[in-house]
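*Asks:* Right, I'll just put the structure down here and ask away after.
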Protein chains: 2
Amino acid sequence: MALKAEVLYDFTAEPGNNELSVRQGESVTVLDQTVGGGWIQAQNSSGQTGLVPEGYLQVGNRDGDSWSRPGALASTPTAGWDSHTQQAAVEDNDGEWDDDWDDQSEGGYHGDDQVDEEGGASGRPSVKISLNKFPFSKGPSPEVFLLAKPPANTRDLLPVYVGEVGPVWFYPSTPLDCLIADPKKESKLYGLKSFIEYQISPTTTNRPVNHRYKHFDWLYERLLEKFGSALPIPLLPDKQVTGRFQVDFIRMRMEQLQAWMTRMCRHPIVSQSDVFQLFLTYRDEKEWKSGKRKAEKDETVGPMMFSLIEPEAAELDAAEVEQRCELYSRFTKSMDDGVKELLNVGHSHWKRCTGPLPKEYNRIGRAFKNLSAVFISSKYPGEETLTDALTAAGQTYEEIAEIVAQQPQKDLHFLLETNGEYKGLLGCFPEIIAVHKAASEKVKEADRLVSAGRISNNDKKSMNHRLSCMSYSLQAEMNHFHSNRIYDYNRVMQLYLEQQVTFYQQIADKLRGALTQFTTL
Amino acid sequence: MALKAEVLYDFTAEPGNNELSVRQGESVTVLDQTVGGGWIQAQNSSGQTGLVPEGYLQVGNRDGDSWSRPGALASTPTAGWDSHTQQAAVEDNDGEWDDDWDDQSEGGYHGDDQVDEEGGASGRPSVKISLNKFPFSKGPSPEVFLLAKPPANTRDLLPVYVGEVGPVWFYPSTPLDCLIADPKKESKLYGLKSFIEYQISPTTTNRPVNHRYKHFDWLYERLLEKFGSALPIPLLPDKQVTGRFQVDFIRMRMEQLQAWMTRMCRHPIVSQSDVFQLFLTYRDEKEWKSGKRKAEKDETVGPMMFSLIEPEAAELDAAEVEQRCELYSRFTKSMDDGVKELLNVGHSHWKRCTGPLPKEYNRIGRAFKNLSAVFISSKYPGEETLTDALTAAGQTYEEIAEIVAQQPQKDLHFLLETNGEYKGLLGCFPEIIAVHKAASEKVKEADRLVSAGRISNNDKKSMNHRLSCMSYSLQAEMNHFHSNRIYDYNRVMQLYLEQQVTFYQQIADKLRGALTQFTTL
């Protein structure tokens, strides 16, 4: 069964570059999602094949499958996909979702319905920001928090300090990190379903825990639900169906999960949260299951999370806060544009470096080698030095072609991955800023509400205090973002430039070697 | 008036690469012939503009001009272009052709009719190989030589020795060369006609002589007439009309004339010939004019030139000669293919290096600089090191774009020029080999001709001897070609690789500089 994708935007192929022109709304068949550099190999309905930029496609369902779940698995107890009750029952029996889109069993692919599945799994109407990853739904208004009673349990309070740069989170003295390794193909249901299990070792315990992609996805949903109003929780690497058990894909997926986990570990609020700690340090199946149930019942989610914020300093000036929010909003928008521009040019460059450029170096190399072969055929005595050198020069250009083609994996790759991560983070800020802005607007109405007798003066005071907490949170988060940004871009630019230096130096050295083979005149 | 060109072959543009699709037979307007890399900027009848490969166009007449000579010059005494007599009369009056296609006067351009002009100038029905540069017309059959009486004057005999590699020409102990310099715009007819005059200093006399392009063309015609059956006399650089007085064009033209003259100087037969010596060493206008007249009256031209060959060794074995000819034929054909392949890939590479590649480096540079500007706008304290470094990295990629765009002028240029020269030389060999083959076939018939009583036994002996002289000449010329080829390719490959090493090293060094600006983590 072919994996289909819907075309999101018109794309005009550059001829001779193995690209495929597609029109918005068109449906194409995905042939290869592992070509790299932000490209997908696709086939249109006329049978033409070529590369299309990843971002232009919404990779989705399997042809003829209509998102339903056919075949071998249809006879399992989980067949009724529309019933949350039934789903919850399965959960109770098994402690796991029985269905598994992370699965490439004979029965085929079960599409996008982990939304149902999540709903069924948590089994309660929660204050979710979003049940679905896109688009980010608004969820409850921030007034839920502004006017609600704060939760009784204050064990989880989140202190905000005022540092040199303004409000900052409390950072643990030992930063957390983890290492994802050793991906193993596992199976269940007598081999009918198979999946990849990763081993994750946190630096705190050094004790590895095992998780499948869908556990990461569960964690993502919990973090989004709990912190999504206040902190950017970037998307996980796309779930992907084709080639899911290919070595390259597994390596790439693991690398992306590692990047995601490292970013979460680096966040002082996320990394210290119960649900994140559970994910990294559960001791046995029992602890995992009870922890899961507890996390799914957490009430301090969405804007209610702000009730945990405990700033050390006085309430913030509303006008100044508004100005800052404006600055954050402009900054994140500009950075989003800048990052996308870099991603665009990076993707083009990737394609040039892996397509036409090495092809041309190969042609140059072949032209030199051919000329050398012609010279040899002249039978003119004493030109071995020239023909040997000319062959070597040709060989060198063929080697350069190979180096050029491999280079993007060594430098552009990390530049694009990092910018891809930042694109994800930046995509979360409009929502975070909007939540803050909505609360701020509400508080501006407080006087009117008091006059109208709808809230008390105490309520108004309380609202002011809670908005101030939200502002502290936003500023602490922006400062966290900035310091991470500086670290990350410093690191990735160094890595990129180091690799680029090595690249050009290697070519210069190779050519110097080829040059020495010619007779000095 | 726009310069028109006829399209010789279909050419399909690669979109996004500033190319123009053209169809065979179509007429386009030439906008710029100085773009380099084998490309011409042209405009089609729909007004679309773009680059077309030089070789696909026959640049010709001026629009609306119909090859006639209108305007200011129509009133000069040379108005009747169809009359050789009148033309010859002008020659007598003036010692120069009064007409001048090397001229960009107000009157406009006098097209391709230097054929008439030459005919008029030399004023006699000569044994010309070709009056026209393309295609190379067969001229008289080699039997003219095989059966003709050799000329009485043996002062100009051309000895052939047998060296280690076989028959070789006699090389003068001091190799000749010349330096072309100091191109000056001169005018005549009270400024109505202007042209470029070059100063040519031979290494023998070190006394500069002045020549215009049309004198080079006259020399070319004489050399082709005299030696074209035996030696490759490559075409002069194309005459070119647009931009003829632009500094870049003059530099390029001079460089190409220099290459052509150097090659002619390096040829022991050509360089020692009276006409070549006249061109380089005439003392005054009088000597030049009388020398010209003498050269134009030279009878030992075309295949008759072989009568001057004086081999030191015995007659060559016909079968062995035939085998060698076959080898030469195959070799020159293969080398022609190899050279054209290299020219093709070189031209593509030129276009990539001057078009899309620097554009992409500029985009990368701009993306880094933009991101740096965004970072600065964050107002987050203490990130000057990062933003400065990021700006510098962006600047570096913009500089790399410039280096990349300039590079082809430094390396590909000479590689292409040398291969272009060889393409020209190799294009002469089929004719030279065909002349030899025709003679060889004729000699095979000798027995039959003797039996038929059409030639005597002495004639047959004489024919054998003369064919042997031709064979010596061909072999000496092939050996000359090979030794030059080895020298030239050794030189040009070294030059190319040296420049390529410098290029990559320069980029590596620049990037290393950019890297040091980042904070070490």
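*Asks:* What do you reckon, is B:P408 surrounded by fewer than 16 Cβ atoms within 10 Å (Cβ to Cβ) and not aliphatic (A, V, I, L, M)?
*Replies:* no
*Asks:* What are the residues in segment A:382-408 that are more than 9 Å from chain B (Cβ to nearest Cβ) and among the charged types (D, E, K, R), if any?
*Replies:* A:E384, A:D388, A:E398, A:E399, A:E402
*Asks:* Suppose we filter segment A:345-380 for residues that are among the polar types (S, T, N, Q) and facing chain B (nearest Cβ under 8 Å); how many remain?
*Replies:* 4
*Asks:* Those residues that are in contact (Cβ under 8 Å) with a residue 60 or more places away in the chain, buried (at least 20 other Cβ atoms within 10 Å of the Cβ) and of a type in the set (G, A, S), I need them from segment B:331-390; list them, please.
*Replies:* Within segment B:331-390, B:G346, B:A389 qualify.
*Asks:* Within segment A:333-350, can you find the residues that are under 17 Å from B:G394 (Cβ atoms) and within 19 Å of the chain's Cα centre (by Cα)?
*Replies:* A:M335, A:D337, A:G338, A:V339, A:K340, A:E341, A:L342, A:L343, A:N344, A:G346
Residues are listed down the side, and each one gets a yes or a no for (1) in a helix (DSSP H, G or I); (2) touching a Leu at 6+ places or on another chain (Cβ under 7 Å); (3) polar (S, T, N, Q); (4) over 30 Å from B:W350 (Cα atoms):
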{"residue": "B:S440", "(1), (2), (3), (4)": "yes, yes, yes, yes"}
{"residue": "B:H465", "(1), (2), (3), (4)": "yes, no, no, yes"}
{"residue": "B:N484", "(1), (2), (3), (4)": "yes, no, yes, no"}
{"residue": "B:F503", "(1), (2), (3), (4)": "yes, no, no, no"}
{"residue": "B:G513", "(1), (2), (3), (4)": "yes, no, no, no"}
{"residue": "B:T519", "(1), (2), (3), (4)": "no, no, yes, yes"}
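*Asks:* Separate question: Of (1) within 35 Å of the chain's Cα centre (by Cα); (2) closer than 30 Å to A:S307 by Cβ, A:A452 satisfies all except one. Which?
*Replies:* If we test A:A452 against (1) within 35 Å of the chain's Cα centre (by Cα); (2) closer than 30 Å to A:S307 by Cβ, just (1) comes out false.
To keep it simple, each residue is scored yes or no on (1) more than 30 Å from A:A318 (Cβ to Cβ); (2) modelled with pLDDT under 95; (3) of a type outside the set (S, T, Y).
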| position | (1), (2), (3) |
| --- | --- |
| A:F375 | yes, no, yes |
| A:P381 | yes, yes, yes |
| A:T387 | yes, no, no |
| A:E399 | yes, no, yes |
| A:E402 | yes, no, yes |
| A:F414 | yes, yes, yes |
| A:E431 | no, yes, yes |
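*Asks:* Taking segment B:397-437, which residues are small (G, A, S) and within 28 Å of B:L231 (Cα to Cα)?
*Replies:* The answer is B:G420, B:G424, B:G427, B:A434.
*Asks:* While we're looking at this one, here's another question. Condition first: modelled with pLDDT of 85 or more and small (G, A, S). Now tell me which residues in segment A:30-53 satisfy that.
*Replies:* Residues satisfying the conditions are A:A42, A:S45, A:S46, A:G47, A:G50.
*Asks:* Which residues, counting only those in segment B:398-408, are within 14 Å of B:G355 (Cβ to Cβ) and of a type outside the set (A, V, I, L, M, F, W, C)?
*Replies:* Passing the criteria: B:E402, B:Q406, B:Q407, B:P408.
*Asks:* Might you let me know whether segment B:13-29 holds any residue that is closer than 27 Å to B:I250 by Cα, small (G, A, S) and modelled with pLDDT under 85?
*Replies:* No, the conditions are met nowhere in segment B:13-29.
*Asks:* Would you mention how many residues in segment A:301-330 are farther than 18 Å from A:E441 by Cα and surrounded by fewer than 17 Cβ atoms within 10 Å (Cβ to Cβ)?
*Replies:* Total meeting the criteria: 5.
*Asks:* Take the residues in segment B:292-303 that are in a helix (DSSP H, G or I) and in contact with a Pro (Cβ under 7 Å, 6 or more places away or on another chain); name whichever of them is farthest from B:M463 (Cα to Cα).
*Replies:* Selected residue: B:G302.
*Asks:* Okay, next question. Would you point out which residue out of A:I233, A:I269, A:I250 is in a loop (DSSP other than H, G, I, E, B) and of a type in the set (A, V, I, L, M)?
*Replies:* Going through A:I233, A:I269, A:I250 in turn, just one is in a loop (DSSP other than H, G, I, E, B) and of a type in the set (A, V, I, L, M): A:I233.
*Asks:* Show the residue pairs meeting these rules: Cβ distance below 6 Å; 6+ apart or different chains; first residue within segment A:507-521 and under 24 Å from A:E383 (Cβ atoms) and more than 7 Å from chain B (Cβ to nearest Cβ); second residue among the hydroxyl-bearing types (S, T, Y) and part of a helix (DSSP H, G or I).
*Replies:* Close Cβ pairs satisfying both conditions: A:K510/A:T396.
*Asks:* Which one is farthest from B:E312 (Cα to Cα) among residues in segment B:480-495 that are at the interface with another protein chain (Cβ under 8 Å from one of its Cβ atoms) and hydrophobic (A, V, I, L, M, F, W, C)?
*Replies:* Within segment B:480-495, the match that is farthest from B:E312 (Cα to Cα) is B:M493.
*Asks:* Next question. Hey, can you tell me all the residues within segment B:320-344 that are polar (S, T, N, Q) and facing chain A (nearest Cβ under 10 Å)?
*Replies:* Once the filter is applied, which keeps residues that are polar (S, T, N, Q) and facing chain A (nearest Cβ under 10 Å), segment B:320-344 yields B:T332, B:S334, B:N344.
*Asks:* Answer yes if at least one residue in segment B:434-451 is facing chain A (nearest Cβ under 8 Å), of a type outside the set (A, V, I, L, M, F, W, C) and within 30 Å of B:D337 (Cα to Cα), and no otherwise.
*Replies:* Within segment B:434-451 (the criterion being facing chain A (nearest Cβ under 8 Å), of a type outside the set (A, V, I, L, M, F, W, C) and within 30 Å of B:D337 (Cα to Cα)), the answer is no, since none of the residues qualifies.
*Asks:* Go through the residues of segment A:30-38 one by one and say whether even a single one is within 14 Å of another protein chain (Cβ to nearest Cβ) and either more than 25 Å from the chain's Cα centre (by Cα) or in contact (Cβ under 8 Å) with a residue 40 or more places away in the chain (or both).
*Replies:* Yes - at least one qualifying residue is present in segment A:30-38.
*Asks:* Looking at A:D298, A:D317 in this structure, which one is away from every other protein chain (no Cβ under 14 Å), of a type in the set (D, E, K, R) and within 26 Å of the chain's Cα centre (by Cα)?
*Replies:* After applying the criteria, what remains is A:D298.
*Asks:* Same structure again: Does B:R330 satisfy the criteria of being more than 25 Å from the chain's Cα centre (by Cα) and closer than 19 Å to A:Y380 by Cβ?
*Replies:* no
*Asks:* So which residues in segment B:278-291 are buried (at least 16 other Cβ atoms within 10 Å of the Cβ) and out of contact with any Pro (no Cβ under 7 Å at 6 or more places or on another chain), if there are any at all?
*Replies:* B:L278, B:F279, B:Y282, B:W288, B:G291 - these are the residues of segment B:278-291 that are buried (at least 16 other Cβ atoms within 10 Å of the Cβ) and out of contact with any Pro (no Cβ under 7 Å at 6 or more places or on another chain).
*Asks:* Starting from residues that are closer than 30 Å to B:A446 by Cα and of a type in the set (G, A, S), keep the ones in segment B:466-521 and report whichever is surrounded by the fewest Cβ atoms within 10 Å (Cβ to Cβ).
*Replies:* Selected residue: B:S468.
*Asks:* Tell me the residue from B:E421, B:E498, B:E417, B:E477 that is within 14 Å of chain A (Cβ to nearest Cβ) and within 22 Å of A:K369 (Cα to Cα), please.
*Replies:* B:E498
The values are calculated or read from the model by the stated rules, or taken from the named source; none is laboratory data. The model shown is predicted, which means the values in this text are computed figures rather than measured ones. So basically every Cβ, Gly included, is an ideal-geometry build from the backbone, and we count neighbours across all protein chains shown.
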